[in-house]
Amino acid sequence: MTEPILFPFADYWWLYGAFAVFVGVMLVLDLGVFHRQDHAVSFKEAGTWTVVWVALALAFDLGLYLYLRHRLPHDARLLAAEGFEPLAAARTAALEFLAGYLVEYSLSVDNIFVFVVVLAYFRVPAELQHRVLFFGILGALVFRAVFIGLGAALLRYSWVTWIFGAFLVMTGVRMMFASEKGAAPGDNALVRLFRRVVPVAAGSHGRSFFVKQGGRRQATPLFVSLLVLETTDVVFAVDSVPAIFALTDEPFIVFSSNMFAVLGLRSLYFLLKGAVDKF
């Protein structure tokens, strides 16, 4: 028996919109207020922000549970479904959010290792790493929202579940047999194509992604590093989004848990990097 969807988009578009506004506000505060000046993120600062993002995710999960516990007993559409138990559904939704958040957060460790390699390869100064990661995370949020929307639409067809399962199996096999020696970030196929189309300026140009030299606009190595981060995150999203859909068929839970995990990615990067530098 298929469980009814708690948050169908047609009825709860405002909830998706409100959550997107919340994410936007947090991003504006992050870059426009707390990190207005470029600086190297300290271990203590990274630890504080890691706690903040985790606390926000847990508070959201608690709020989700309390909201559903209050609303579900009065929802005629859901009560009409055979075998539907409001309180059990509220608990299940809260646990699914927590599981989705933890799975995505743990899978993000792979992203962090890629961040370390890419930023080191392009020699991004410590004081500019937060800026690159900020825009990288911004792109990741957009790509994942698109993937989640597509996944939610495709889940209307039962056979799609098998495709998601195949993705997970392929991911596991690839991780088992992947070569430890990977290609250099600069050998990324998209980067090679980008360099053919857009001229890339040599040397460091501060915090600028584009500069004007010789009468024409050129990309900087800082932008190329951002491009590499974006392309690699698309690959990770293809692996991780099906993993969350394997836990729950609630698009809003997949969306919100994924967004919270990605938002905490920068601080987790600086926390782990700081720990490595210390020890």
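Residues Leu107, Leu102, Leu119, Leu66: which one is more than 21 Å from Ala237 (Cβ to Cβ) and of a type in the set (A, V, I, L, M)? That would be Leu66, the only listed residue that is more than 21 Å from Ala237 (Cβ to Cβ) and of a type in the set (A, V, I, L, M). The single residue among Leu128, Leu190, Leu138, Leu133 that is aliphatic (A, V, I, L, M) and modelled with pLDDT under 85 turns out to be Leu190. Suppose we filter the stretch 97-115 for residues that are buried (at least 20 other Cβ atoms within 10 Å of the Cβ) and modelled with pLDDT of 90 or more; how many remain? The total comes to 3.
One line per residue, one yes/no per condition, for (1) at pLDDT below 80; (2) farther than 24 Å from Tyr101 by Cβ:
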| residue | (1), (2) |
| --- | --- |
| Arg195 | no, yes |
| Pro221 | no, yes |
| Ala237 | yes, no |
| Leu247 | no, no |
| Phe270 | no, no |
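Going by the conditions given, is Ala94 crowded, with 19+ Cβ neighbours inside 10 Å, out of contact with any Lys or Arg (no Cβ under 7 Å at 6 or more places or on another chain), farther than 22 Å from Phe209 by Cβ and aliphatic (A, V, I, L, M)? Yes, satisfied. Checked against (1) surrounded by 14 or more Cβ atoms within 10 Å (Cβ to Cβ); (2) more than 21 Å from Pro251 (Cα to Cα); (3) not small (Gly, Ala, Ser), Val33 passes all but a single condition, namely (1).
Listed here are the residues, each with its yes/no results for (1) touching a residue at least 60 places away in the same chain (Cβ under 8 Å); (2) part of a helix (DSSP H, G or I); (3) among the polar types (S, T, N, Q); (4) out of contact with any Cys (no Cβ under 9 Å at 6 or more places or on another chain).
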position	(1), (2), (3), (4)
Glu3	yes, no, no, yes
Tyr16	yes, yes, no, yes
Trp53	yes, yes, no, yes
Ala59	no, yes, no, yes
Leu66	no, yes, no, yes
Arg71	no, yes, no, yes
Glu82	yes, no, no, yes
Leu102	no, yes, no, yes
Leu107	yes, yes, no, yes
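Checking each residue in the stretch 76-130 for being within 24 Å of Pro4 (Cβ to Cβ) and of a type in the set (Ser, Thr, Tyr) picks out Thr92, Tyr101. Restricting attention to the stretch 62-71, the residues that are under 18 Å from Ala20 (Cβ atoms) and either surrounded by 17 or more Cβ atoms within 10 Å (Cβ to Cβ) or acidic (Asp, Glu) (or both) total 1.
The values are calculated or read from the model by the stated rules, or taken from the named source; none is laboratory data. Quick caveat: nothing in here was measured; it's all calculated off a predicted structure. Positions of Cβ are backbone-derived with ideal geometry, glycine not excepted, and every protein chain shown enters the neighbour counts.
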